[in-house]
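To start, the structure itself, in structure tokens.
Readers should treat all values here as calculations from the given coordinates under stated rules, not as data from a laboratory. Everything numeric here is computed off the predicted structure, so don't read it as measured data. Positions of Cβ are backbone-derived with ideal geometry, glycine not excepted, and every protein chain shown enters the neighbour counts.
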Amino acid sequence: MRRSLFAVVASIIVAAACAAPLAAQTQQVTKVGVVDFTKVLLTAYKDTKGYRDYDQARADYNKEISARTRDITDLQSQKLDADKAGNKTLSLGLEKTISDRQKDLDTYKRVKGAILMQQLSGLMTGPVLQEIYDVVKFVAEAGGYSLILRTDTDARDLFLYRIPEVDITDDVIQEILKRQGKTSGGQ
């Protein structure tokens with residue numbers, strides 16, 4: 001009886017000794033965060049000339065797309081009227097015009113969109129980019145994060161799920177505004 005009790009106690013001690021390193025490993029959780037550089041740039045640096053130029057170009061781009069889309073919609077309406085009236089010649093001519101304008105719109109979106117992306121990328125260079133990196137590092141270290149990922153890149157689609165608590169974007173914006181001597185204004 002004493003032997004079996006000893007064997008049970010010894011087994012428990014051995015099991016606990018073996019499980020202790022595993023328990024320590026499972027308690028070590030890496031804290032991961034995310035940051036949206038584009039949101040940081042467009043919020044914390046919105047008063048810079050570079051941003052204002054980008055914002056104006058973006059507004060012009062959206063205005064042009066709206067105008068071209070309205071034009072295509074009007075032509076489609078005219079084509080429907082021509083179809084109802086049985087005017088095949090007019091309908092075919094409008095169909096070609098609609099097709100040409102749609103191709104032009106698609107080309108405009110692709111080319112002008114690429115130019116806007118280059119302009120936005122140009123804003124995130126040099127001192128601005130370095131400041132964002134420095135602040136991300138500061139916020140990450142203060143928050144105990146081991147890894148910070150960007151969510152505004154093409155890889156954002158790789159994030160299938162994340163909880164909002166891992167997003168440090170607003171904290172980064174707050175810190176940049178603080179360093180700039182500005183208030184967040186509801187951030």
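Per-structure values
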{"item": "Contact order relative to length of segment 27-179, as percent, for alpha carbon pairs under 8 angstrom and 6 or more apart", "result": "51 percent"}
{"item": "Residues 117, 124, sorted so that the one with the fewest Cβ neighbours within 10 Å comes first", "result": "117, 124"}
{"item": "Residues 146, 91, sorted so that the one with the fewest Cβ neighbours within 10 Å comes first", "result": "146, 91"}
{"item": "Sorted by Cβ density within 10 Å, fewest first, the residues 61, 133", "result": "133, 61"}
{"item": "Charge dipole of segment 27-179 about the Cα centre (unit charges at C-beta), most positive-ward option of 72, 32, 147", "result": "72"}
